[in-house]
Amino acid sequence: MIIVTDPERKVRLPFSRGILTRSITLAGVDVGIAYIVATEVQKELEERSVKFVTTEEIRELTYRRLIGHGLHEAAKRYLFWRQLRRLKVPITILLGGATGVGKSTIATELAFRLGIRSVIGTDTIREVMRKIIAPELLPSLHTSSFLAWKAMGPVKGDSPLIRGFEEQVRHVAVGVNAVLERAHREGFNTVIEGIHLVPGYIGLQERDFMYVIKVRSRKDLEARFYERARYSKRPADYYLEHIDAIMEIQGFIEDMAREHGIPVIENVELERTVGTIMEDIMDRLMEKMGREIRD
């Protein structure tokens, strides 16, 4: 058995090819290639009859193997993410977007790759608030986001749908901002996803990374609802009945994102979407760390 030691944290753990594979995929390497590299690292250690190896030696060996495979950019990203973990830089990722665009799946994948244990949906926050606040007090809170306008009285403006949605967003944002404040105060990492993460209603700090996820067309959204219904209890027909309203909400969220300078990402394929987000986070963190070093 090969024991990996971490002098800084003073811990010893058995070498895990699976953990190393996940660490390599963090650099945007395909899981199959990452597994091959992790296997090569393990094989080299075994051939050298190594019994104890430091985390720094693992990093250096993995870096060389990535370079050997011609993955120079991935090797650079691998070292960056490893350094970030060692420095324990806290980050919060927020994923907004309309119903059915794939926010939950993206959030779960990002959390897995980044080793973040906390994933929170704004639907959960809304449900807690519903238990506390009676429907008579905030009727728009106790319905679907695309039906909130029906729970309101006469609505001024061009779109009752958007005004009702905004009303619900304002209420749920209170709970979201409370979660963010605690994360900032205690310095823990978290991923928050949900339709209620609308730019302009969420109090962001420098360590927060917010993105709006969208689909290309009504047809793409229809396909996602059918696919989602295969693996959950959420019937596709219910959402298809309100798909025009959902698409209108997507347009509103996208407009708010552009107004507040929040990146909008078209979710065509999971791997590409996750890679785009991680690349953006890395670039922004590298720029921030560079500024801190210069200052």
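The values are calculated or read from the model by the stated rules, or taken from the named source; none is laboratory data. Here the structure is a predicted model, which means the values were calculated and not measured. Please note: Cβ atoms are built from the backbone with ideal geometry, for glycine as well, and neighbour counts cover all protein chains shown.
In region 14-54, how many are β-branched (Val, Ile, Thr) and closer than 20 Å to Ile116 by Cα?
Result for region 14-54: 6.
Of all the criteria given as (1) in contact with a Leu (Cβ under 8 Å, 6 or more places away or on another chain); (2) surrounded by fewer than 19 Cβ atoms within 10 Å (Cβ to Cβ); (3) outside the structural domain of Gly200 (by TED's automatic domain parsing), the one not satisfied by Tyr35 is (1).
Restrict the check to region 167-186 and report whether at least one residue is in contact with a Lys or Arg (Cβ under 9 Å, 6 or more places away or on another chain), among the acidic types (Asp, Glu) and either under 23 Å from His142 (Cα atoms) or touching a residue at least 60 places away in the same chain (Cβ under 8 Å) (or both). Taking every residue of region 167-186 in turn, none turns out to be in contact with a Lys or Arg (Cβ under 9 Å, 6 or more places away or on another chain), among the acidic types (Asp, Glu) and either under 23 Å from His142 (Cα atoms) or touching a residue at least 60 places away in the same chain (Cβ under 8 Å) (or both). Would you check if Ile249 is modelled with pLDDT of 95 or more, touching a Lys or Arg at 6+ places or on another chain (Cβ under 9 Å) and surrounded by 15 or more Cβ atoms within 10 Å (Cβ to Cβ)? Spelling it out, it is not the case that Ile249 is modelled with pLDDT of 95 or more, touching a Lys or Arg at 6+ places or on another chain (Cβ under 9 Å) and surrounded by 15 or more Cβ atoms within 10 Å (Cβ to Cβ). With respect to the conditions (1) assigned by TED's automatic domain parsing to the domain that holds Ile24; (2) exposed (fewer than 15 other Cβ atoms within 10 Å of the Cβ), Ile133 falls short on a single one, namely (1). Taking the listed residues Arg218, Arg224, the one that is more than 21 Å from the chain's Cα centre (by Cα), within 24 Å of Asp255 (Cβ to Cβ) and not hydrophobic (A, V, I, L, M, F, W, C) is Arg218, with no other qualifying.
Only one of the numbered conditions (1) touching a residue at least 40 places away in the same chain (Cβ under 8 Å); (2) farther than 17 Å from Ala111 by Cβ is not met by Asn189, and that is (2). Condition (residue is hydroxyl-bearing (Ser, Thr, Tyr), more than 30 Å from Ser217 (Cα to Cα), at pLDDT 85 or above and not in a helix (DSSP H, G or I)) applied to region 106-120: is it met by at least one residue? Checked region 106-120: at least one residue is hydroxyl-bearing (Ser, Thr, Tyr), more than 30 Å from Ser217 (Cα to Cα), at pLDDT 85 or above and not in a helix (DSSP H, G or I).
Go through region 209-224 and give me each residue that's under 11 Å from Val268 (Cα atoms), part of a strand (DSSP E or B) and not basic (Lys, Arg). Of everything in region 209-224, just one residue is under 11 Å from Val268 (Cα atoms), part of a strand (DSSP E or B) and not basic (Lys, Arg), namely Ile213.
Yes or no: region 93-104 includes at least one residue that is buried (at least 16 other Cβ atoms within 10 Å of the Cβ) and modelled with pLDDT under 90. Show your work before the answer.
As a first pass, look at region 93-104 and keep what is buried (at least 16 other Cβ atoms within 10 Å of the Cβ): 93-104.
Next, only the ones that are modelled with pLDDT under 90 stay: none.
The answer is no, given that none of the residues of region 93-104 is buried (at least 16 other Cβ atoms within 10 Å of the Cβ) and modelled with pLDDT under 90.
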